[in-house]
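Novice: What follows is a structure written as structure tokens; I'll ask about it next.
Laboratory data are not the source of any read-out in this text; all were calculated from the coordinates shown. Every value quoted in this text rests on a predicted model; they were computed, and no experiment measured them. Note: ideal-geometry Cβ built from the backbone for every residue, glycine included; neighbour counts use all protein chains shown.
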Amino acid sequence: MGEHLSRTIAEGRAFMQLVGGQKVDSLTGQRIDVVCPSDGKVFASIPASGEGDVDLAVRAARRAFDEGPWARMPAVERGRLLTKLGLLVEKNATELAALESRDTGKPVRQGRADVNATKRYYEFYGGAADKIHGDTIPFLDGYTALTLREPHGVVAGIIPWNYPLQILARVAGAALAMGNTLVVKPAEDASLSTIRIAELALEAGFPQGVFNVVTGYGRDAGAALSAHPLVDYVTFTGSPATGAAIQKAAAGNNRGVTMELGGKSPQIVFADADIDLALPVLVNAIIQNGGQTCSAGSRVLVERAVYEDVANGLAERFSELVAGAHDADLDLGALINPRQRQRVAAMVSDAEDAGCEILARGSIHADAPEGGFYYEPALIAAKDPKLAIAQEEVFGPVLILLAFDDEADALQIANGTEYGLVAGIWTRDGARQHRVAKRVRAGQIFVNAYGAGGGIELPFGGFRKSGHGREKGFEALYDMSATKTIVFNHG
Ligand code: ADP
């Protein structure tokens with residue numbers, strides 16, 4: 001693999017989707033251009049599928065679930081296939097990282113980290129497949145009651161563009177480990193790695209129809225998939241508005257859903273914190289993946305006594321951040337598309353209009369290609385936690401700084417948005433660590449650490465607008481299955 005692979009990979013390739021084990025185009029033959037965010041140029045294409053394509057894929061998954069060898073395959077065999085897929089991810093790591101980086105604009109370093117995490121997901125769920133089981137329940141005299149964990153059936157996975165490899169892996173790993181079959185609709189802006197993983201799944205030996213991929217726009221393929229009556233369960237990661245549309249569609253069939261809908265995650269820095277330890281983590285938690293991370297630490301709440309120190313430390317680091325092409329491997333890449341860049345820029349200029357001060361800005365490297373969707377990282381002091389910039393998810397490299405007076409004030413600000421995905425707590429006071437961890441409303445809490453996007457083993461998911469259901473770790477296996485209770489009367 002050459003050094004410039006991430007600049008040339010998939011050049012001119014017309015990608016096909018995977019339905020019932022076959023590489024196929026969309027029924028209409030219509031295609032979507034694949035654009036590299038680093039230079040705004042088209043380098044490949046994917047099928048633009050609609051309702052008919054989705055119907056074929058769902059029917060293939062349905063058949064594979066109802067009739068295929070998959071349903072009768074022992075859990076250990078399903079696990080072995082997932083483990084094998086993990087090994088194939090490792091074998092193709094360089095290519096997958098290059099593909100993911102070119103498709104999303106993320107630095108190749110981040111692409112490699114995503115590939116490592118992807119391998120870990122398939123490894124984890126490969127190992128977990130035969131280690132989840134039901135219970136026997138003390139019941140009436142003369143009866144034995146037990147539970148089985150059964151797959152839902154056909155799972156639809158609607159995947160966003162920020163971490164396609166990883167988010168596909170957490171969905172597919174858990175869904176397939178439990179014996180479901182899968183139809184995946186990756187984001188129109190980032191479908192390539194999903195197509196490659198489905199190809200690798202075929203190579204690993206998954207039976208035909210178990211792992212299907214349909215590409216296309218959300219309003220066409222995504223909407224048709226979430227409303228399809230032969231789908232048994234829908235899992236989605238993305239924006240709250242799209243999540244609501246998908247839940248409505250699934251509700252039309254009364255199907256269950258898992259929703260991971262982003263956040264406005266606080267990092268709370270108390271005056272007794274180890275500030276030197278915290279500073280690089282605070283910066284990375286928002287800059288990783290250009291801030292396009294559901295679990296980004298996008299608000300830093302600082303106790304007044306150390307506010308100036310933390311603000312200065314962050315400003316120094318922010319002014320040194322540089323954005324550039326994915327293969328230049330700088331602090332951050334381009335944002336995913338012009339619409340996203342425009343959205344981020346508008347939110348920041350609205351914040352300025354509302355009186356917020358920009359404390360520091362990063363820069364765009366002089367060699368960054370023309371036409372790329374770059375945005376200079378911004379550190380913003382928000383006087384009022386109720387301002388839109390301090391309440392709404394920006395999904396870009398924009399960090400909001402807020403001051404607080406005491407623990408009660410910190411908790412009020414931390415819990416004062418509609419979101420509740422992740423939080424970071426920085427303090428050396430052990431009692432406070434426990435107290436605040438219990439009182440912050442978020443699905444994941446880090447103490448003197450922060451794990452934006454990380455932690456295959458760690459259950460992950462939100463409260464309120466951040467969604468419901470849990471992914472990652474063993475918990476995802478419960479979401480991806482249903483309990484069946486069986487009662488025997490043996491007298
Ligand atoms: P963005 O607004 O940045 O595209 P979304 O949350 O809308 O982010 O997209 C995440 C995923 O949801 C993508 O795969 C997208 O195609 C899909 N999607 C968008 N709209 C719909 C919809 N109405 N129904 C189903 N899926 C959708």
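Novice: May I ask you to list the trypsin sites (Lys or Arg not before Pro) in segment 103-135 that are in a DSSP loop and have at most 16 other Cβ atoms within 10 Å of their Cβ?
Specialist: Sites meeting the loop and neighbour criteria: LYS131.
Novice: What fraction of the DSSP beta bridges in segment 266-458 is antiparallel, stated in percent and rounded to the nearest 5?
Specialist: 15 percent
Novice: Which distance in nm do the two modelled labels at LEU277 and ALA408 give, with both placed 7 Å along the Cα-to-Cβ direction?
Specialist: Output for this residue pair reads 2.9 nm.
Novice: Also, quick follow-up: Within a Cβ distance under 10 Å of GLY362, other residues only, what is the Lys/Arg minus Asp/Glu net charge?
Specialist: That works out to -1.
Novice: Additional query: Exactly which trypsin sites (Lys or Arg not before Pro) in segment 208-271 are in a DSSP loop and have at most 11 other Cβ atoms within 10 Å?
Specialist: Here no loop site has a sparse enough neighbourhood.
Novice: How far apart, in nm, are the 7 Å Cα→Cβ label points at GLU352 and SER239?
Specialist: Simple spin-label model gives 2.3 nm for this pair.
Novice: Taking 0.36 nm per intervening residue step and subtracting the Cα-Cα distance, what contour gain separates THR485 from ASP55 on full extension? Numbers along the way, then the final one.
Specialist: Numbers: separation 430, 0.36 × 430 = 154.80 nm, distance 3.20 nm.
Result for the pair: 151.6 nm of gain on full extension.
Novice: Find the centroid of the Cα atoms in segment 178-203 and in segment 320-396, then give the distance between the two in whole Å.
Specialist: One Cα centre to the other: 31 Å.
Novice: Exactly which trypsin sites (Lys or Arg not before Pro) in segment 378-453 are in a DSSP loop and have at most 15 other Cβ atoms within 10 Å? Could the numbers behind the result be given before it?
Specialist: Values: sites: LYS383, LYS386, ARG428, ARG432, ARG435, LYS438, ARG439, ARG441; in loops: LYS383, LYS386, ARG428, ARG441.
Qualifying residues, ordered by number: LYS383, LYS386, ARG428.
Novice: Give the separation of the Cα centroids, segment 1-77 to segment 105-161, in Å.
Specialist: 23 Å
Novice: Points 7 angstrom from Cα along the Cβ direction at ALA388 and ARG343: gap in nanometres?
Specialist: 1.3 nm
Novice: Need the full-extension length gain, GLU475 to SER319, defined as separation in residues times 0.36 nm minus the C-alpha distance. One decimal, nm.
Specialist: This chain segment gains 52.1 nm when fully extended.
Novice: What is the Cα centroid distance between segment 217-231 and segment 250-304, reported in whole angstrom?
Specialist: Spelled out, the Cα-based centre of one part sits 30 Å from the other.
Novice: Looking only at segment 2-261, where both bridge partners belong to it, what percent of the DSSP beta bridges are antiparallel (to the nearest 5)?
Specialist: Taking every DSSP beta bridge within segment 2-261, about 40 percent pair in antiparallel fashion.
Novice: Pull out a ≥ b ≥ c, the square roots of the eigenvalues of the alpha-carbon gyration tensor of the chain, then state rounded if a/c is under 1.5, prolate if not and a/b is larger than b/c, and oblate in the remaining case.
Specialist: Oblate, because a/c is 1.5 or more while a/b does not exceed b/c.
Novice: How many lysine pairs in segment 336-491, separated by 8 or more positions in sequence or lying on different chains, have Cα atoms less than 24 Å apart?
Specialist: 6
Novice: A follow-up question, please. On full extension of the chain, what length is gained from THR8 through LEU458, given 0.36 nm per residue of separation minus the C-alpha to C-alpha distance?
Specialist: Result: 158.4 nm gained on full extension.
Novice: Separate question: Which residues' amide hydrogens lie under 5 Å from the amide hydrogen of SER363, considering only partners 5 or more residues apart or on another chain, with H built in the peptide plane?
Specialist: LEU321, VAL322, ALA323
Novice: What is the antiparallel percent of DSSP beta bridges lying wholly in the chain, to the nearest 5?
Specialist: Values: 29 of 71 bridges.
If we restrict to bridges inside the chain, about 40 percent are antiparallel.
Novice: List the relative contact order of segment 2-261 as a percent without decimals, with contacts defined as Cα pairs under 8 Å and 6+ residues apart.
Specialist: Reported relative contact order: 24 percent.
Novice: Ranked from highest to lowest mean number of other Cβ atoms within 10 Å per residue, what is the order of the peptides 408-417, 92-101, 477-486, 169-178?
Specialist: Descending packing order for the listed peptides: 169-178, 92-101, 408-417, 477-486.
Novice: Follow-up question, since we're still on this one. Take every Cα-Cα pair in segment 136-214 and report what % of them are more than 17 Å apart.
Specialist: On the way: 1547 of 3081 pairs.
Looking at segment 136-214, the distances longer than 17 Å represent 50 percent of pairs.
Novice: Sequence gap at least 6, Cα distance under 8 Å: using those rules, report the relative contact order of the chain to the nearest whole percent. It would help to have the intermediate numbers written out before the result.
Specialist: On the way: 1201 pairs, mean separation 90.2, N = 491.
Once divided by the residue count of the chain, the mean separation gives 18 percent.
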